[in-house]
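Asker: For reference, the structure I am asking about is given below.
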Amino acid sequence: MHKNILFLQGPVGSFFRQLADFMAKQNNVTTYQITFNGGDEIFSRNKRTTAYLEKPKDWSEFLKAYVFKHNITDIVVFGDCRFYHRVAKSIASEQGLDLWAFEEGYLRPSFITLEQEGVNSNSLFSMELFEKFNSSGLSISDSENMTRKNSFCFMSVNAFIYYLFKLIYSYKYKHYIHHRPWLFTEEVFSWVRSGIRRIMYTPNDYKLSKSIKNSLSKQYFLVPLQVSVDSQILFHSPFGSVEEFISTVIESFAKNAAKDDFLIFKHHPMDRGFNNYQRFIKKLCYAYDLNQRVFYCHDAHLPSLLKHAKGTITVNSTVGISSLHHGTPTKVLGNAIYNIEGMTSQKELHEFWKVSCQPCEHIFSKFTRFLKENNQIPGSFYMKPTNTFVAISKIILS
C-alpha cells in the first residue's frame, strides 16, 4: 500500500523535515508538510511544503480538501492538543486516517513518545491492555538508552531560530494562532529573566539541596510544578491554573499533614522566566499559618528531591514516573497514564499525607517495559541518530 504522509507542526527544529526526508526514501512513501508560521517554514524547506495562510476558522475545510487532493493516509503531529492538531485529529477520525502523535518521552531524558491517536490522557493505553501485556523480551541496549546531555543546548538554539523567523514572517502568516500566548519580545525577555533568576536562586537551591539530604530527609512532600500553558494543565487536569493546584495542595497540607512535615514546591525550569509563584505561595502560607514549613525552589537536583521525599504530589507531570522509579509514594491529581493502582496512591489527597504506600516494584517494572515496547523510542528530537528514524518508520509504515 502506498503511504501519503502529512506532517503538521513538529518540535522546534528540523526533526520533522529530516524524518520526512528519511521516510520519503522508503518504497511506496510520499511525504508532505503544511507550515503555519515562519518558524515552521524555515525548518521545513522542501518541494512538498504548503503554507497555510488563511484564518483559523477556515482550517478544517482547507485540510479536508488537502487530504482529498493528495490522498493522505497518515497525519503526523507533535502534541495533539494544539488548535490545528485538534482539528486534524477530528478529520482523521472522520475519514479513517491514521493520526500519529509525538511528545516528549514518558521515560525521560533518553526517549521520545510516539502513539497512535493521541498522547498522555488521550493515549490508547488501557488497563485491560496493560493487564494482558506480556513482555516480548525486547531490550533497550545501553548505547541506545544513553542520556542526551547536549540536547538542551540544541533545543535552545533551535527555539531561538524558530521564534525569530516566526517574528520575521509574521506579515505572511498574519492569521496564525500559536499554542503559547506570548509575543516574540515577551519570549525573549522571559528567557533572559529565566537566566537571571537561575543565578539569583542558586544560593537558596544549594542550601535546600543540603537540607533535603540531612534534616529534611523523609520529612517533606515534593510538589513539582508544571508549565502554566502546558496542555497537561489546560486539557488533562481538573485545575484551571497552576495557582489553583498550588492552593489545593497547600490547603490540604495545612489541614491534614503531620505538624512536623514540610512541603517543597519545585518550579518547572521551562517556566522559570514566565511565572514566579513565590509571593503567591507566601500569601497562602501566611493564611494557613505554614511559615517555615513550605519551601520553594527552582533548580535543586530533582533526583535527590525525589529520593529523599516522603511523597510526591503532581497534577500529571512525567516527574511522577521518575518519582515511582525512586520508590517514592506518589499521588496524581489529574489524568495520567501512570495513575495505576499498585503504583500510585488511589487514596484521596487528604488521606495521602498520613497514609502513603510505596509503589509496587513489580507493577512499575512491567509498566516501564510496556512503554518501551509500545510507545517509547530511544532518541531525542534535537539529536537525531539514524536508529531513531528507523524505529519510527517501522511503526508508522507497518
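The values are calculated or read from the model by the stated rules, or taken from the named source; none is laboratory data. Quantities reported herein were computed from a predicted structural model and do not represent experimental measurements. Glycine gets a Cβ as well: all are built from the backbone with ideal geometry, and neighbour counts include every protein chain shown. Heavy atoms of the whole protein, side chains included, go into the accessibility calculation; ligands, DNA and RNA do not. Shrake-Rupley method; radii C 1.70, N 1.55, O 1.52, S 1.80 Å.
Asker: Bins of 10 Å, beginning at zero and ending with the bin holding the largest distance: percent of Cα pairs per bin for region 235-343, please.
Answerer: 13, 45, 38, 4
Asker: With +1 assigned to the C-beta of every Lys and Arg and -1 to the C-beta of every Asp and Glu, and no other charges, what is the dipole magnitude of region 228-350 about the Cα centre in debye, to the nearest 20?
Answerer: Value, rounded to 20: 300 debye.
Asker: To the nearest 10 square angstrom, how much accessible area does Glu54 have with a 1.4 angstrom probe?
Answerer: 100
Asker: Right, something else. Using unit Cβ charges (K, R positive; D, E negative) and no other charged atoms, how large, in debye to the nearest 20, is the dipole of region 145-261 about its Cα centre?
Answerer: It works out to roughly 500 debye.
Asker: Quick query: amide H of Leu6 versus all other amide H atoms, modeled in the peptide plane; which residues come in under 5 Å with a sequence gap of 5 or more or a different chain?
Answerer: Tyr32, Thr73, Asp74, Ile75, Val76
Asker: Select from Phe280, His298, Pro329 the residue farthest towards the positive end of the dipole of region 266-347; place +1 on Cβ of Lys and Arg, -1 on Cβ of Asp and Glu, and compute about the Cα centre.
Answerer: So the residue furthest toward the plus end is Phe280.
Asker: Can you tell me the accessible area per residue over the chain, all protein chains present, probe 1.4 angstrom, in square angstrom?
Answerer: Counting only protein heavy atoms, the per-residue value for the chain is 48 Å².
Asker: If you take semi-axes √(5λ) of the Cα gyration tensor in Å from the coordinates, which of [x] 38, 25, 19; [y] 36, 28, 18; [z] 32, 27, 24 do you get?
Answerer: Correct label is [x].
Asker: Next up: Cut-off under 16 Å on the C-alpha distance; same-chain residues fewer than 8 positions from Lys207 excluded. Which lysines are left, in chain and number order?
Answerer: In chain and number order, the partners are Lys266.
Asker: Would you please give the FRET efficiency between Leu164 and Glu341, computed as 1/(1 + (r/R0)^6) with r the Cβ-Cβ distance and R0 = 45 Å, to the nearest 0.05?
Answerer: In this case the efficiency is close to 0.40.
Asker: Can I ask one more? Ordering Trp100, Trp182, Trp59 by accessible area with a probe of 1.4 Å, largest first, what comes out?
Answerer: Correct descending sequence by accessible area is Trp182, Trp100, Trp59.
Asker: I've got another one for you. Within the set of other residues whose C-beta is less than 12 Å from the C-beta of Thr31, count the net charge using Lys and Arg as +1 and Asp and Glu as -1.
Answerer: So the surrounding residues net to +3.
Asker: Now for a different question. Starting from the Cα of Lys354, move 7 Å in the Cα-to-Cβ direction to define the label point; list residues of region 252-272 whose amide nitrogen is under 15 Å from there.
Answerer: Hits in region 252-272 for Lys354 at 15 Å: 252-261.
Asker: Using protein chains only and a probe of 1.4 angstrom, how many square angstrom of Cys357 are accessible, to the nearest 10?
Answerer: Cys357 has an accessible surface of roughly 90 Å² with all protein chains in place.
Asker: Here's another thing I want to ask about it. Leaving out ligands, DNA and RNA, and with a 1.4 Å probe, what % of the accessible surface on the chain is carbon or sulfur?
Answerer: 53
Asker: Quick check for you: which residues of region 277-319 have the amide N under 15 Å from the point 7 Å beyond the Cα of Glu243 toward its beta carbon?
Answerer: 277-285
Asker: Still on this model: Provide the FRET efficiency to the nearest 0.05 for the Asp58-Asn28 pair, computing r from the beta carbons and using R0 = 35 Å.
Answerer: Step by step, r from the Cβ atoms, then E = 0.65.
Asker: Give the calculated FRET efficiency between Ser93 and Glu373 to the nearest 0.05, with a Förster radius of 22 Å applied to their Cβ-Cβ distance.
Answerer: Approximately 0.30, to the nearest 0.05.
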